[in-house]
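Take a look at the structure below.
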Amino acid sequence: MAHPASSDWTLTRGYDSPHGEIRWDSLGDPDAEPVVLLHGTPFSSYVWRGVARALAQRYRVLVWDMPGYGTSAKHAGQDVSLAAQGRVFSELLAHWGLTEPNVLAHDFGGAVALRAHLLHGARYRRLALVDPVALEPWGSPFFRLVGEHSEVFDALPPALHRALVREYVDSASAVGLHPAVLERLTQPWLGEDGQPAFYRQIAQADQKYTDEIQDRYPEIELPVLVCWGVADTWIPVARGHELAARIPGSRLRLIEGAGHLVQEDAPAELTAALRDFLHEPG
């Protein structure tokens, strides 16, 4: 029997954004209450596959790969910054005809959802943030090193680049990723388009994009759940406590034994926490 990691995950629909074509898809009853999932970096909607399929039993679940990520467009000169992604997400919500969906966002996707809400007027029914990029300081020492010398790393021979990306992605898990999952998450960053795209998104990552909004978190008035993998080595759990304290009425759910990629390390626990949050009245 094939490992679930190797199961098919294909985004069948496209949207032409100002920053390149976005691949997206919808699961579940098209008339059900909508739930939108946002991935982080350097990942794609693939990390949400299990949660998406579970939630699709009750909700209309929308998934997408951000410009420059996964199966969406990648090209030289592309703006893949948080500023661009926040605008694109707002446009995509309008394209989908969603006025107040539930939003579940991981890592960099958390900052995208927060920027869309605070700067571009996107409205949500509920917002769950899973190990989000939301507060300074940003990034691991490796992330900062690559950001400062992206042109040097971009010139790496393909085999060395592949090894670097594999090690980096695998370090997001506290227990280590299944080889099929690791291969799937690494693949978009390989080849003529993928290798420069990997360093492009790191080079454009700038803490100013959360500095612009973090003082406004107390303005958030919708129900918010903050989930955090206790064993996250990319963004320490202390940041989760700080974020929850800044958002009025928000709750913090800690997930033991999970690293930054909670979806891979503790999918059942995360799905249960998100499902409970979505099912709450009000």
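Charges were assigned to the Cβ only: +1 to each Lys and Arg, -1 to each Asp and Glu. The resulting dipole of the range 1-110 about its Cα centre is roughly 220 debye. Considering only alpha-carbon pairs that sit under 8 angstrom and 6 or more positions apart, the relative contact order computed for the range 1-83 is 33 percent. Net length available on complete extension from Val230 to Glu192 is 10.0 nm, with 0.36 nm assigned per residue and the Cα-Cα distance removed.
Between the range 52-86 and the range 156-229, the C-alpha centres lie 13 angstrom from each other. With R₀ set to 35 Å, the beta-carbon distance separating Glu148 from Arg275 gives a calculated FRET efficiency near 0.30.
Report, in degrees rounded to the nearest 10, the 0 to 90 angle that the Cα long axis of helix 108-120 makes with the longest principal axis of the chain. It works out to around 60 degrees. In the chain, the longest principal axis of the Cα atoms and the axis of helix 191-203 are about 60 degrees apart. Antiparallel beta bridges, as assigned by DSSP with both residues in the chain, represent about 30 percent of the total such bridges.
Which stretch or stretches of the range 189-225 have amide N atoms under 20 Å from the point lying 7 Å from Ala155's Cα along the Cα→Cβ direction? 191-204, by backbone N distance to the label point.
Helix 267-279 and the long axis of the chain differ in direction by around 30°, with both axes built from C-alpha atoms.
Only the coordinates and a few stated rules stand behind these numbers; no lab work does. Because the structure is predicted, anything quoted here is derived from the model rather than measured. Positions of Cβ are generated from backbone atoms using ideal geometry, with glycine treated the same way; all protein chains shown enter the neighbour counts.
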